[in-house]
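Single-structure report; data block below.
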Amino acid sequence: MNLFARFEVLEDPRDERGKKYRLIDIMIMTIYGILSKHEDFNNIAYLWDINSDYFVSLLGIECGKTPSHDCLSDVYAAIKPQKFMEVFVEWTKDIVKMKSGNVINIDGKAVREAQDKINGGNIPYIVSAFLSDVGISIGQVKVEDKSSEYTAIPELLDLIDIKGCTVTIDAAGTYIPIAEKIVSKGGDFVLKAKENQPNLLADCKYLFDNESDNILRDEAVEKDHGRIEKRKYYLYNNSKNTIIDPKWDKIINIHRQNRSNEGVCGLR
């Protein structure tokens, strides 16, 4: 019923003439298909077909059969992706109640198995937010290419609730506007300092090389993918001395003020 209530608000852009299936029924059956590990319209429609009696009975489909893959393709080409994502995010928030300490990983991926025929066969690229604690994607934004992650990440952050969560992003997200967006929405951030932020990288290297009294160390040995990995961890933990770069120092100070009664802002 929660699924039905959430997705029923989606506007159906199809012509009423000749329409056999309600939009909400197609949404529900699609989610069945995805949960059954089918990832394309042909396979999802085949799942519907071999379980036609079940879906017809469950949803009260009047025509007595399930939609074809062409019908499925036409529906998802017509609906507004931004509105669909907003509804999807609200549904996942109902399922996964956000709690302080959750980690949200934001990353960009090329969808190599799905070429965009409309845009000349280019491989689509998406930026996703993944709630690692429970293993579920809570939002996606399509971008033109990897270089557009900088503009796509704030759009994705606008879609999701990150209050009380720690957002991790690779170096493509290490920019002041993105850090400000995270802090303004009540989140914490873990960002990578690399060559795209030379001043920040230099400041971090200086602190770790010259502030040994304020650095905590740990090691871990893990076996993964047929190899043994030895990891060393260094945590710089000094709330009075952080970053020299004035732009980054400002956002870190704002973050520290927001978290002054909740914990310590550190560099890892």
In this structure, is residue 23 touching a residue at least 40 places away in the same chain (Cβ under 8 Å), surrounded by 11 or more Cβ atoms within 10 Å (Cβ to Cβ) and closer than 17 Å to residue 139 by Cβ? no
Any residue in region 204-232 that's more than 25 Å from residue 246 (Cβ to Cβ): show its pairings with residues that are surrounded by 11 or more Cβ atoms within 10 Å (Cβ to Cβ) at Cβ separation under 8 Å, as long as the two are six or more apart or on different chains. 216/234; 216/235; 216/237; 217/234; 217/235; 218/235
Exactly one condition in (1) at pLDDT below 85; (2) assigned by TED's automatic domain parsing to the domain that holds residue 127 is not met by residue 207; state its number. (2)
Lone qualifier among 190, 167 - being surrounded by 18 or more Cβ atoms within 10 Å (Cβ to Cβ) and within 13 Å of residue 104 (Cβ to Cβ): 167
So which residues in region 186-217 are closer than 18 Å to residue 253 by Cα and of a type in the set (A, V, I, L, M, F, W, C)? 189, 190, 191, 193, 200, 201, 204, 207
I'd like the residue in region 170-187 that is under 14 Å from residue 107 (Cβ atoms) and part of a loop (DSSP other than H, G, I, E, B) and, out of all such residues, is nearest to the chain's Cα centre (by Cα). 170
Residue check for residue 32: farther than 15 Å from residue 9 by Cα, at pLDDT below 90 and not assigned by TED's automatic domain parsing to the domain that holds residue 159: yes
The lone exception for residue 253 - which of (1) at pLDDT below 80; (2) in contact with a helix residue (DSSP H, G or I) (Cβ under 6 Å, 6 or more places away or on another chain) it fails: (2)
Determine, yes or no, whether residue 161 is assigned by TED's automatic domain parsing to the domain that holds residue 102, modelled with pLDDT under 85 and not β-branched (Val, Ile, Thr). yes
Does residue 151 fit the bill of being touching a Lys or Arg at 6+ places or on another chain (Cβ under 7 Å) and without any contact (Cβ under 8 Å) to a residue 60 or more places away in the chain? no
Residue 195 passes all but one of the listed conditions (1) modelled with pLDDT under 85; (2) closer than 30 Å to residue 158 by Cβ; (3) loosely packed, with under 11 Cβ neighbours inside 10 Å; the exception is number (1)
Would it be correct to say that residue 61 is under 27 Å from residue 191 (Cβ atoms) and either at pLDDT 80 or above or in the same structural domain as residue 30 (by TED's automatic domain parsing) (or both)? no
Sole residue being touching a Lys or Arg at 6+ places or on another chain (Cβ under 8 Å) and closer than 21 Å to residue 103 by Cβ, chosen from 179, 171: 171
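The values are calculated or read from the model by the stated rules, or taken from the named source; none is laboratory data. Every value quoted in this text rests on a predicted model; they were computed, and no experiment measured them. Methodologically, a virtual Cβ is constructed for each residue, glycine included, from the backbone with ideal geometry; neighbour enumeration extends over all protein chains shown.
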